[in-house]
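The block underneath contains the structure these notes are about, expressed in structure tokens.
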Number of protein chains: 2
Amino acid sequence: MGVLGGTGPAGTALAARLASVGYDVIIGSRSAERAEEKAADIRKAWPALSLALRGGTNDDAAACDIIVVATPWDSAATTAREHGKALKGKVVISMANALVRVGHEFQPLVPPRGSVAAHVQAAVPGCRVVAAFHHLPAKELGNLSDSVESDVLICSDDSDALEVVSQMVRLIPGCRPLDSGELSNATAIEAFTAVLLQLNVRYKTRVAPHLNGIKGDPRA
Amino acid sequence: MGVLGGTGPAGTALAARLASVGYDVIIGSRSAERAEEKAADIRKAWPALSLALRGGTNDDAAACDIIVVATPWDSAATTAREHGKALKGKVVISMANALVRVGHEFQPLVPPRGSVAAHVQAAVPGCRVVAAFHHLPAKELGNLSDSVESDVLICSDDSDALEVVSQMVRLIPGCRPLDSGELSNATAIEAFTAVLLQLNVRYKTRVAPHLNGIKGDPRA
């Protein structure tokens, strides 16, 4: 799988974690060198793990079978459109949140089409966008020596694509995928990240959501 | 405390639960008779509990020291404004979510001012709006023989008012209040209810949120 704009904290952490559970991952970037540096840093940080993780261009990442858009939120749709031909028919994971800092708090913005994920879907109508991974704290996600205790809310208009990403989440120790319905729910899922960041600041921690009332993983 | 428009499922459940932890509660309604019927139903359902719970008009409810606005979301600001004089300076709890059914899913709307809570605050600038109780499943909340395992996300522009409601939440067995910052976060908290309803349908359950990573109740 490939991570477009994968050199930021969230993209790097997800790339590392997915490589650790067996995925062949290309961290993509406008600069292939910077991407390979990041990949090498991760490989060096976990010498005991055999990580199939390397850097490349965004073109290299877009050529993979599953693509994560990990750019800043305001580049997500543009970057997806630039690689629209390569993304056609593929599962494209949108993980960005449109947030703005107001004073000491973060507040959600309403991006075009109501969510970053819906904007990416509109930019590349032929791909199968899945919104996921918005709420995982990057530091915990990238710490491959420990599990990440979190539910992962996943939504998509394509139920097969949603299942592909659910399977991916199931492989991450501590994570539980939850089918959160159609892509329209990405609006609320993305916006909720602002609340989580607020709680992180308030309680000097990094929170992760869990939904009480769902036993185990009902789809496993 | 008083519950404006308190004869619906959420308002009734909250009134019952708060009466069970020691609050003196008036269920308010446009029809005092209907409100008293609801109150009598609750008292009859829990004969072993000594519930200080009665019905009254919305005027009666608005005259209390703490007021919950439990009308349907599209009446919340209007009802608050009608009782604006009585609400001035008081803690006013907004618990409604602006949702619309689209096919088999619920989707969040953007109400005037971005959230129901902010709309209520704008309708009665002199009151102290606190957004809370959006995510508690009404059935579990109203079942006084059991605890409600849930975090309660609370936000307000008035930190003293936020603390009043946090104290209220602390009294409910199983509930943990979380300071979720300023009232602007009500947008995301209200919208997130659509995701919870979606999960309820998908997994045939009633979910309640819990945030991993916060130990106990840091404000207690």
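The values are calculated or read from the model by the stated rules, or taken from the named source; none is laboratory data. These numbers were taken from a predicted model, which means no experiment stands behind them. With ideal geometry, Cβ positions are generated from the backbone for all residues, glycine too; neighbour counts draw on all protein chains shown. In case anyone asks, the SASA skips ligands and DNA or RNA and just uses the protein heavy atoms, side chains included. Shrake-Rupley method; radii C 1.70, N 1.55, O 1.52, S 1.80 Å.
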Net dipole in debye of segment B:3-144 [+1 Lys, Arg Cβ; -1 Asp, Glu Cβ; about Cα centre; nearest 20]:
200
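In Å², nearest 100, what accessible area do chains A and B bury in total when the solvent probe is 1.4 Å? Walk me through the numbers on the way to the answer.
Details: alone 10400 and 10390 Å², together 17690 Å².
The contact between B and A buries close to 3100 Å².
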How large are Rg and Dmax for segment A:92-168 when calculated on the C-alpha trace, in angstrom?
14.2, 41
By its C-alpha gyration tensor, with a ≥ b ≥ c as the square roots of the eigenvalues, how is chain A shaped: rounded for a/c under 1.5, else prolate for a/b larger than b/c, else oblate?
rounded
How many nm separate the modelled label positions at A:Lys44 and A:Asp24, each set 7 Å beyond the Cα in the direction of the Cβ?
2.6
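Given the protein assembly as shown, what percent of its DSSP beta bridges are antiparallel, to the nearest 5? Don't skip to the answer; put the middle values down first.
Working: 17 of 63 bridges.
If I count the DSSP bridges inside the protein assembly as shown, around 25 percent turn out antiparallel.
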How much mean residue ellipticity at 222 nm does chain A get from its helices, if each DSSP H run of length 4 or more adds -39500 (n - 2.57) and you divide by all residues, to the nearest 500 deg cm²/dmol?
-11500 deg cm²/dmol
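On a 1.4 Å probe surface of the protein chains, which of B:Leu178, B:Leu197 comes out largest in accessible area, and what is the full order? Don't jump to the answer; show the numbers that get you there.
Numbers: B:Leu178 0, B:Leu197 55 Å².
These residues rank, largest area first, as B:Leu197, B:Leu178.
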Just to verify a number: what accessible area does A:Glu163 come out at with the full protein assembly present, 1.4 Å probe, Å² rounded to tens?
60
For B:Ile42, what accessible surface area do you get with a 1.4 Å probe? Give it in Å², rounded to 10.
20
What residue among B:Pro173, B:Ala123, B:Val148 has its Cα farthest toward the positive end of the dipole of segment B:97-175, where the charges are +1 on Lys, Arg and -1 on Asp, Glu, each on the Cβ?
B:Ala123
Measuring nothing but label to label, 7 Å from Cα along Cα→Cβ, what are B:Arg81's distances to the other copies in nm, shortest first?
3.9
Size of electric dipole in segment A:147-220: Cβ of Lys, Arg +1 and of Asp, Glu -1, about Cα centre, debye, nearest 20
580
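For A:Lys215 and A:Leu171, compute 0.36 nm times the residue count separating them, minus their Cα-Cα distance, and round to one decimal in nm. Don't jump to the answer; show the numbers that get you there.
Numbers: separation 44, 0.36 × 44 = 15.84 nm, distance 1.78 nm.
Computed gain between A:Lys215 and A:Leu171 is 14.1 nm.
Just the projected area, averaged over all directions, of the convex hull on the alpha carbon atoms of the protein assembly as shown: how many nm²? Don't jump to the answer; show the numbers that get you there.
On the way: hull surface 81.5 nm².
Its Cα hull, projected and averaged over all orientations, spans 20.4 nm².
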Zone of A:Ser147's modelled label, taken as backbone nitrogen in segment A:179-220 under 13 Å from a point 7 Å along Cα→Cβ:
A:216-217
Counting only DSSP beta bridges with both residues in chain A, tell me the antiparallel percent, nearest 5.
20
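Suppose every K and R has +1 on its Cβ and every D and E has -1 on its Cβ; what is the size of the dipole of segment B:1-40 about the Cα centre, in Debye to the nearest 20? Please list the in-between numbers first.
Numbers: 4 positive and 4 negative charges, 28 e Å.
Here the size comes out at about 140 debye.
Can you give me the accessible area per residue for chain B, using a 1.4 Å probe, in Å²? Can you show the working numbers first?
Values: 8830 Å² over 220 residues.
So chain B comes to 40 Å² accessible per residue, rounded to a whole number.
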At 7 angstrom along the Cα-to-beta-carbon line, where would the label on B:Val21 sit relative to the other copies? Give the distances in nm, shortest first.
3.6
Report the residue, chosen from A:Asn143, A:Asn97, A:Asn185, that carries the largest GNM mean-square fluctuation when chain A is represented by alpha-carbon nodes joined by springs under 10 Å.
A:Asn143
